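Undergrad: One structure is given below, represented as structure tokens, and several questions about it will come after.
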Amino acid sequence: MMSADRLRVSKAADGFQVADESGPMRSFDTIIEAVRFVRDRGARLWLDWGRTIIGGQTVPHDFSPTFLGSPVGRIQGEAHGASAGTWRWSIATHDKRWRGHGGQRGRANTKNEAVAELEQAFTDYIANTPAGPSPYERARGSDRY
């Protein structure tokens, strides 16, 4: 169940839809408008999370989020050394729908904190897309942003 600080954005028939645990809240023409709505409510995107798989094997203490089906980052738990027990996160995406990421990264004391920090950073990253056609709209051949 989603909490009020996390909202889902999904593709709708003619745009994008923001939803909370009770269902759809509002629809938008563009992904940028939808994510700005999430940010302006003091919330963050609820990304889809799964285990990181490399060479067909899951990696211990390693999780990857996706947004609209595209990988957008990673969190990794530190198992050894002075940082053991902490988590590091980073945004990384090669999806041409999003503008080039700025290499956002950080460290957190817990997995949940790392998830929250990455989700907030990704929300800000999309919401702060400059005005004009977004990479998402350019990839679709549209001039809407």
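Undergrad: Whole angstrom only: what separates the Cα centroid of the stretch 1-60 from the Cα centroid of the stretch 88-126?
TA: So the separation of the two Cα centres works out to 14 Å.
Undergrad: With the chain treated as a Gaussian network of Cα nodes joined by springs under 10 Å, which of A116, A82, A19 yields the largest mean-square fluctuation?
TA: Evaluated over the chain, the most mobile residue of the options is A82.
Undergrad: Could you give the size of the charge dipole of the chain about its Cα centre, using +1 on the Cβ of each K and R and -1 on the Cβ of each D and E, expressed in debye and rounded to the nearest 20?
TA: Dipole size: approximately 280 debye.
Undergrad: Considering amide H positions built from the backbone, and no H for Pro or chain starts, which residues 5 or more places from Q104, or on another chain, come under 5 Å of its amide H?
TA: Those lying under 5 Å, H to H, from Q104 are I91.
Undergrad: Another one. Apply the Karplus curve 6.51 cos²θ - 1.76 cosθ + 1.60, θ = phi - 60°, to the phi angles in the stretch 67-81 and return the couplings in whole Hz, x for Gly and Pro.
TA: Whole-Hz 3J(HN,Hα) from phi for the stretch 67-81: 9, 6, x, 10, x, 10, x, 6, 10, 9, x, 7, 9, 9, x.
Undergrad: Now a separate question. Collect residues whose amide H, placed 1.01 Å from N in the peptide plane, falls under 5 Å from the amide H of D62; neighbours closer than 5 in sequence don't count.
TA: Distant-sequence amide H within range of D62: T52, G77.
Undergrad: With Rg and Dmax of the Cα atoms in Å as the read-out, I listed (i) 14.9, 44; (ii) 15.8, 50; (iii) 21.1, 70; which label goes with the value calculated from this structure?
TA: Given (i) 14.9, 44; (ii) 15.8, 50; (iii) 21.1, 70, the structure-derived one carries the label (ii).
Undergrad: May I ask you to give the solvent-accessible area per residue for the chain, in square angstrom, as obtained with a 1.4 angstrom probe?
TA: Spelled out: the 1.4 Å probe surface of the chain, per residue, equals 54 Å².
Undergrad: Can you tell me, using C-alpha contacts under 8 Å and at least 6 residues apart, the relative contact order of the chain as a whole percent?
TA: Taking the mean separation of contacting Cα pairs over the length of the chain, I get 18 percent.
Undergrad: For D5 and A84 in one chain, what is 0.36 nm times their gap in residues minus the Cα-Cα distance, to one decimal in nm?
TA: 25.6 nm
Undergrad: Skipping prolines and chain starts, which residues have an amide H placed within reach, meaning under 5 Å, of the one on R74, given they are 5 or more residues away or on another chain?
TA: Excluding prolines and chain starts, which carry no amide H, the hits are S90, A92.
Undergrad: May I ask you to give the percent of accessible area on the chain that is carbon plus sulfur, with a probe radius of 1.4 Å?
TA: Percent of accessible area from carbon and sulfur atoms in the chain: 49.
Undergrad: Moving on. Before rounding to the nearest 500, sum -39500 (n - 2.57) across all DSSP H runs of length at least 4 in the chain and divide by the residue total; then give [θ] at 222 nm in deg cm²/dmol.
TA: Here the helix-only value at 222 nm equals -7000 deg cm²/dmol.
The values are calculated or read from the model by the stated rules, or taken from the named source; none is laboratory data. Bear in mind the structure is a predicted one, so any value in this text is a computation, not a measurement. Backbone-built Cβ (ideal geometry, glycine too); neighbour counts: all protein chains shown. Quick note on the areas: whole protein, heavy atoms, side chains included, nothing else; ligands and nucleic acids left out. Shrake-Rupley method; radii C 1.70, N 1.55, O 1.52, S 1.80 Å.
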